[in-house]
Amino acid sequence: TFLSAGIEYSAKKQEKIAEIGERISSLEIKIQRNMSKAQDKTVLVKDKKQLGGLPEDILEEAAARATEQGHKGAWAFVLHEVPYMTVVSSAESRKLRERMWRAYHARGTQGKHDNRDLIIELVTLRHRLAKMTGEISFAHDTLKDTAAGKPKNVGKFLQALKKHAKPRAQEEIKILSDYARKTDGLDDFKPWDLHYYAECLREDMIGYDDEEVRPYFEDIVTLN
């Protein structure tokens, strides 16, 4: 561990390595904070007609949050995982599902919480640090003491996984898009339709609804 950290390097090189390491740590913290703040942003809904299908507890939270933001009579959905998954899997309004999907997947890419330049700098510094300590790349450095060993082994694993997983995923997408076309006449199946129609199909087939059992697992979610 000491050798890989550069104990044999000159004082000047050790100082440079420490400097880069400090900047990397600073960037990692800043990126994490930006993401935390970005997911606290909200999707505001003023039309109650768009709220069909959503559970009452989520609506109460969204209404309280909107009031706090100065939008009494509206609903504000934060971009955390639970509200996001609830909206995209339960909201009957396709427009709301799309808004939530786009906002969720744009986290950390806009305004003062934009992480893109920070990530480029982080990746660049990680690569530079790896090269300074005698590695080919950051990936080689990270994997050298793991079961995978080398990046090419990870690539082989991912390609093998893709070979088996992709056809099944395509098959499932076709099942859901056919179901959406049959039930709602939907011809342009989009990513924000996936969870909603998966939930509808599951409920039709086996009578299981995530929202009916979610209250029983709230304590577990809170602890996690």
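The values are calculated or read from the model by the stated rules, or taken from the named source; none is laboratory data. Source: prediction; values computed, not measured. For neighbour counting, all protein chains shown are included, and Cβ atoms are generated from backbone atoms with ideal geometry for every residue, glycine included. Calculation scope for accessible area: heavy atoms of the full protein, side chains included, ligands and nucleic acids excluded. Shrake-Rupley method; radii C 1.70, N 1.55, O 1.52, S 1.80 Å.
Brief remarks follow.
- Ordered from largest to smallest accessible area (heavy atoms of protein chains, 1.4 Å probe), the residues PHE157, PHE77, PHE138, PHE189 come out as PHE157, PHE138, PHE189, PHE77.
- Listed peptides 159-170, 104-115, 80-91 appear in the order 80-91, 104-115, 159-170 once ranked by packing, highest mean of other Cβ atoms within 10 Å at the front.
- Residue-averaged 222 nm ellipticity for the chain, from DSSP H runs of 4+ at -39500 (n - 2.57), nearest 500: -21000 deg cm²/dmol
- Zero-based 5 Å bins, Cα pair distances in the chain, whole percents: 1, 6, 10, 11, 12, 13, 12, 11, 9, 7, 5, 3, 1, 0, 0
- Here the calculated FRET efficiency for VAL123 and LEU44, from their Cβ-Cβ distance with R0 = 35 Å, stands at 0.55, rounded to the nearest 0.05.
- Estimated at the nearest 10 Å², the accessible area of ASP117 is 120 Å² with a 1.4 Å probe.
- Cα centroid separation, the stretch 27-79 to the stretch 161-194 (Å): 28
- Global form of the stretch 1-108, assessed from the alpha-carbon gyration tensor, a/c cut-off 1.5: prolate
- Too-long pairs where the Cα-Cα distance tops 21 Å, listed order kept, from LYS30/LYS95; LYS95/LYS162; LYS16/LYS112; LYS16/LYS131; LYS48/LYS72: LYS30/LYS95; LYS95/LYS162; LYS16/LYS112
- Solvent-accessible area, 1.4 Å probe, carbon plus sulfur percent, for the stretch 1-49: 51
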